[in-house]
Amino acid sequence: MPKRYSRQFRKMVAELICVQKEGTIKTADEFGVPLKTVENWGTAYNKDPHCFDDDYISTEQQLEAARKTIRKQKETIEILKKAVAFFMSERTEDSDS
């Protein structure tokens, strides 16, 4: 089972290699983390320095949340359209009588 590292630890290691320009091999050895893992953290940090923040939400997660909200709103609109049509038809029937 792969070892889990805290966001704080990953951020610290990524800052060492990206900001302080420590070598990835040296950093990986120093902290006992696989080299490929350290390289992945550095790549993620270079793309977005906030990626290891506790409240971080990736762009993909933000898009998925927005899509979900849009789907729910579309469903609500369809329900409201049907309700309006129903009540308008009842109103028309009442005025005809």
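The values are calculated or read from the model by the stated rules, or taken from the named source; none is laboratory data. As the structure is a prediction and not an experimental result, all values here were calculated from the model. Because the Cβ atoms are built from the backbone with ideal geometry, glycine has one as well, and the counts that use them run over all protein chains shown.
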- Item | Residues located in the stretch 27-44, provided they are within 25 Å of the chain's Cα centre (by Cα) and charged (D, E, K, R) | K36, E39
- Note on the structure: If we ask which residues in the stretch 83-97 are loosely packed, with under 10 Cβ neighbours inside 10 Å and either in the same structural domain as L16 (by TED's automatic domain parsing) or part of a helix (DSSP H, G or I) (or both), their number turns out to be 5
- Query: How do the helices (runs of 4 or more DSSP H) wholly within the stretch 1-74 filter down when requiring 2 or more residues that are of a type in the set (K, R): which remain?
  - Reply: 7-18, 35-47
